[in-house]
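*Asks:* Encoded as structure tokens, here's the structure I'll be asking about.
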Amino acid sequence: MRLKIVFRFIGISLLMISGLMLATCLLSLKGGADASTRPLFYSMLITAVAGLCPLLFIKHSTYITVKERYAITSGSWISVCLFGMLPFLMYGHGFTLTDALFESVSGFTTTGASILNDIEALPAGLLLWRTVTAWIGGIGIVTLFSLMIPRSHNGKSALSGAEMSDLTRSQTMMRGNGFIRSVLTVYISLTASCFILLLCTGMQWFDALTNAMSTCSTCGFCVRNASIAFYDNAAAELIIVLFMVLSGISFVGLYTAVFKKGFRQFMHSHILRTYLLILAAGTVIMSVDLTLRGGYPTYMRALRDALFQMCSITTTTGFATADTTLWPTVSTIVIIGASLICGCAGSTSGGIKVDRIVILWKRFRINVQSFIHPRWIQAIWLDGQVVKKARIANAMSFVRIYLLIVFVGAVFNAVAGLDLMTSISAAIACTGNVGPGFGLVGSFSNYASFSDPLKYGSMIMMLAGRLEITPLLFLAIDITSNRNFHYFCRRFGKNPRT
């Protein structure tokens, strides 16, 4: 693996982030310079210099190996998170190195977990940067900077594909700029539409902009301490619910339905129907449970909160209109289940994904039928196509590793001193990029009480969940392999036997 090539592409991602820092700084100046203007400007300069150095001193290469593309993906995300924390760190006012990095990782991975006890105390520029990290993370760091690579570069499609799961790649035949532009078209259209509709509800433009960006990135960063409950606006809640649901659907499917006149085929998708069924079933179960055992005065009020929270958790947005830690047991179980399944592949949501659940369910049914008819061989069909064995195996492997990460994370949290409910729900919320959980990390709580080791463990789970495990796992295995161990020993002049 050529580390110079990896550093060159990481430099491109840092240049892109420095441009976003500059844009945020200019918007902060236009709205009246506040305490975040200088931190944003200095952070932009440092990030721009760090991004330019590899481009100036490392030669361009048009060929990228498999190892290099995964290293570029992992390295870019880690580097962007490290430099993205600079505005928080330079602002100070209680931001330690760990807390600044936590807020940056949570934003870029669209987790929405926070360590801020008083969000409204932050200056507008820093609140905007916090939301920008989430919006950029929703579309993907590598996917965006792939637009900056020349069209003739044969590693362009490989790079954008390294950030996606095999499920997302299998949804389209488009490659390179065609795929990226189609996704960007849907993403920007959803954000702009949500922003305009929220303005129509009477929401202030800054709140409408940040909430629209957080909604479509399924991050859930809000500029208010009470999240969406602050507005107590039923119309705004319905609009946010609509766009949370749309953001949890495959962007390729949305693009095909709207721009390629494939609406009928889109609506007949088994994955889409399963996704909507999960949302509807969870909403009904929780609304009935809240009416009977949750102390809600009317069914309509229970339905309103149940619908919002079900869509918020399932799409991994994490907005809140009610304190779910006070909800009865049945509703708690439904929310935890939704935190594991989450949205569809190719969307901005995290989690296991509905696509994999459907594949595994079909596989389970065939296994059961094989006991009755041992010689009956049946293929798995999904939306008119036969699911290849490799794709089934990948889905099974992903779910196993995903649940293993959640289990290890929960054990680590428990060993570090957290109670059982907080340990499990925090591990699920961080790995699934959901944000809120139960216990100390409820919908109106945060991760401020976590110790530094717990915060770093949560950050690792966030990155693993956002990158869908493969890039980080591939990089970890490659670095710890015996061959690379000997390479680094020779590189630094040490005897590997010692």
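The values are calculated or read from the model by the stated rules, or taken from the named source; none is laboratory data. Not measured: the values here are computed from a predicted model. Cβ atoms come from the backbone with ideal geometry, glycine included; neighbour counts cover every protein chain shown. The protein model used for the area step is the full one, side chains on, heavy atoms only, and it has no ligands, DNA or RNA in it. Shrake-Rupley method; radii C 1.70, N 1.55, O 1.52, S 1.80 Å.
*Asks:* Out of all the residues in region 282-296, which are assigned to a helix (DSSP H, G or I), more than 29 Å from the chain's Cα centre (by Cα) and farther than 9 Å from S331 by Cα?
*Replies:* Hits for region 282-296 are V288, T291, L292, R293.
*Asks:* Would you tally the residues in region 27-50 being modelled with pLDDT under 90 and open to solvent by 20 Å² or more (accessible area, probe 1.4 Å)?
*Replies:* Total satisfying the criteria: 8.
*Asks:* Another question, if that's okay. Taking the options S443, S451, name whichever one is more than 22 Å from C344 (Cβ to Cβ), at pLDDT 80 or above, touching a Gly at 6+ places or on another chain (Cβ under 9 Å) and surrounded by fewer than 14 Cβ atoms within 10 Å (Cβ to Cβ).
*Replies:* S451
*Asks:* If you don't mind, another one. Quick check: is even one residue across region 465-483 at pLDDT 95 or above, within 24 Å of the chain's Cα centre (by Cα) and under 28 Å from D118 (Cα atoms)?
*Replies:* Looking for residues that are at pLDDT 95 or above, within 24 Å of the chain's Cα centre (by Cα) and under 28 Å from D118 (Cα atoms), one finds none in region 465-483, hence no.
*Asks:* Is there a residue in region 426-433 that is modelled with pLDDT under 95, open to solvent by 10 Å² or more (accessible area, probe 1.4 Å) and within 26 Å of I357 (Cα to Cα)?
*Replies:* Scanning region 426-433 turns up no residue that is modelled with pLDDT under 95, open to solvent by 10 Å² or more (accessible area, probe 1.4 Å) and within 26 Å of I357 (Cα to Cα).
*Asks:* Exactly one of these conditions fails for R69: (1) farther than 19 Å from L144 by Cα; (2) open to solvent by 40 Å² or more (accessible area, probe 1.4 Å). Give me its number.
*Replies:* For R69, the exception is condition (1).
*Asks:* Related question: Confirm whether L272 is over 27 Å from A426 (Cα atoms), modelled with pLDDT of 90 or more and under 21 Å from the mean Cα position of the chain (by Cα).
*Replies:* yes
*Asks:* Further question on the same structure: Across region 288-335, what is the number of residues that are surrounded by fewer than 22 Cβ atoms within 10 Å (Cβ to Cβ) and on the phi > 0 side of the Ramachandran plot?
*Replies:* Residues flagged as surrounded by fewer than 22 Cβ atoms within 10 Å (Cβ to Cβ) and on the phi > 0 side of the Ramachandran plot within region 288-335 amount to 1.
*Asks:* If you don't mind, another one. Which ones in region 442-480 are in a helix (DSSP H, G or I), β-branched (V, I, T) and touching a residue at least 60 places away in the same chain (Cβ under 8 Å)?
*Replies:* Passing the criteria: only T470.
*Asks:* Sticking with this structure for a sec: Determine which member of the set V358, V354 is in contact with a Cys (Cβ under 6 Å, 6 or more places away or on another chain) and not polar (S, T, N, Q).
*Replies:* Result: V354 is the single residue among V358, V354 that is in contact with a Cys (Cβ under 6 Å, 6 or more places away or on another chain) and not polar (S, T, N, Q).
*Asks:* Would you check which residues across region 430-462 are in contact with a Pro (Cβ under 9 Å, 6 or more places away or on another chain) and closer than 18 Å to L101 by Cβ and list them?
*Replies:* N446
*Asks:* Any chance region 203-219 includes a residue that's in a helix (DSSP H, G or I), at negative phi, in contact with an Asp or Glu (Cβ under 9 Å, 6 or more places away or on another chain) and open to solvent by less than 10 Å² (accessible area, probe 1.4 Å)?
*Replies:* No, region 203-219 contains no residue that is in a helix (DSSP H, G or I), at negative phi, in contact with an Asp or Glu (Cβ under 9 Å, 6 or more places away or on another chain) and open to solvent by less than 10 Å² (accessible area, probe 1.4 Å).
*Asks:* On the given criteria, is G253 in contact with a Cys (Cβ under 9 Å, 6 or more places away or on another chain) and either touching a residue at least 60 places away in the same chain (Cβ under 8 Å) or part of a helix (DSSP H, G or I) (or both)?
*Replies:* Yes; evaluated as a whole, the condition is true for this residue.
*Asks:* I need the full set of residues from region 266-275 which are part of a helix (DSSP H, G or I), touching a residue at least 24 places away in the same chain (Cβ under 8 Å) and either small (G, A, S) or open to solvent by 70 Å² or more (accessible area, probe 1.4 Å) (or both), in order please.
*Replies:* Matches in region 266-275: H270 only.
*Asks:* Another question about this same structure. I285 - would you say it is at pLDDT 95 or above, over 30 Å from I115 (Cβ atoms) and in contact with a helix residue (DSSP H, G or I) (Cβ under 7 Å, 6 or more places away or on another chain)?
*Replies:* Answer is yes for this residue.
*Asks:* Just one of S247, S193, S182 is within 20 Å of V132 (Cβ to Cβ), open to solvent by less than 10 Å² (accessible area, probe 1.4 Å) and in contact (Cβ under 8 Å) with a residue 40 or more places away in the chain; which is it?
*Replies:* Criteria check complete, one pass: S247.
*Asks:* Continuing with the same structure: Can you confirm whether G92 is small (G, A, S), open to solvent by 10 Å² or more (accessible area, probe 1.4 Å) and free of Cβ contacts under 8 Å to residues at least 12 places away in the same chain?
*Replies:* yes
*Asks:* Take T24 and tell me if it is touching a residue at least 60 places away in the same chain (Cβ under 8 Å) and more than 24 Å from G465 (Cβ to Cβ).
*Replies:* Considered against the rule, which asks whether it is touching a residue at least 60 places away in the same chain (Cβ under 8 Å) and more than 24 Å from G465 (Cβ to Cβ), T24 comes out as yes.
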